[in-house]
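Derivation of every value follows stated rules applied to the coordinates shown; laboratory data play no part. It should be emphasised that the depicted structure is a prediction, and the values quoted were computed from it without experimental measurement. Every residue, glycine as well, gets a Cβ built from its backbone with ideal geometry; the counts of neighbours run over all protein chains shown.
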Amino acid sequence: AVRATAAGAPGAAPGGAPGTAPLVVDGRVRLEATLTDPADSDAAIATVHRLRDAVHAVPDARALVGGYTAQQEDTRTTAAHDRRLITPVVLLCVLAVLVLLLRSLVAPVLLAATVALSYLATLGVSAVVFPHVFGFSAVDPSVPLYGYVFLVALGVDYNIFLMTRVREESLRLGTREGVLRGLTATGGVITSAGVVLAATFAALGVIPLAFLAQIAFIVAFGVLLDTLLVRSLLVPALVRDLGDRVWWPAGTGRGALRAGSASASTASVSVSSEAGSGSGG
């Protein structure tokens, strides 16, 4: 799977010529190997793994295997590790912020789930569109993570904007009516902001770089999906179906608010009565 030669001494032809003394620096020798398979193929990656297993098995060798294929494989492995680490950390941080803001457990879990669902749906559409529409044979390893961070951050912004208003309205009118009032007040702003933001990211697609084109599509499509469907229809529908249970365990405090309003009304009537008695006297 490879053809290897020792790197020649300074001034020798690249790759070293047969019979040329190898270049030794601090007791280390560089061997140049040419893969017989395409550099970005699975077979080439498998060859790199076999080479690493072989050289690492040599005692005290401290050998390294580099080159384009090895670098791409290391980048892919690092990106996969970052996704496994950063994805849950970001989601937990978002969940903590929503819990503190909404003083509830059910609503934050529901909102975090919709954000994750929107991201996964965007990845699924991208997996179909990239090879069949844009002609991308592969996706940059860091694209899914960048897309996740952008979409989660933007989705949480829209969630906070919508649900804080819904909670305010729910204190006065109840959850079912509060959802309608909150969506009426914020829906147009959220949708408009999403369209503008999607157009802004889509403009990155004109730059002739596959990485930017992929990021542009993921973020633009994800934002439109989030603002036009998830935030405008799915989230309000779920909250309306759950009713006051969505604010568990704290609740909306609507009962306390009504009790306070009733007390204020009683006090007002008493003051009016006393004033009326005084006038009669």
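Under the criterion of Cα pairs below 8 Å and six or more residues apart, the relative contact order for the stretch 22-150 equals 18 percent. Eigen-decomposition of the gyration tensor built on the alpha-carbon atoms of the stretch 78-259 gives equivalent ellipsoid semi-axes of 34, 17, 11 angstrom, largest listed first.
Per-residue Karplus couplings for the stretch 53-68, computed as 6.51 cos²θ - 1.76 cosθ + 1.60 with θ equal to phi - 60°, are listed in order as 4, 6, 6, 6, 6, 6, x, 6, 7, 6, 8, 10, 10, x, x, 4 Hz, Gly and Pro entered as x.
Which order do the peptides 31-40, 113-122 come out in when sorted by mean C-beta neighbours inside 10 angstrom, highest first? Don't skip to the answer; put the middle values down first.
Values: 31-40: 14.0, 113-122: 19.0.
Descending packing order for the listed peptides: 113-122, 31-40.
Distance from the alpha carbon centroid of the stretch 139-210 to that of the stretch 35-91 works out to 37 angstrom. Contact order, relative form, for the stretch 75-207: 21 percent (alpha carbon pairs under 8 Å, 6 or more residues apart, mean separation divided by residue count).
Summary of the geometry: the stretch 115-136 and the stretch 227-245, compared by the centres of their Cα atoms, lie 24 Å apart. Label the stretch 66-161 by shape, choosing from rounded, prolate and oblate, from the square roots a ≥ b ≥ c of the eigenvalues of the Cα gyration tensor; if a/c is under 1.5 it is rounded, and otherwise prolate applies when a/b is larger than b/c, oblate when it is not. Oblate shape, in that a/c is at least 1.5 and b/c is the bigger or equal ratio.
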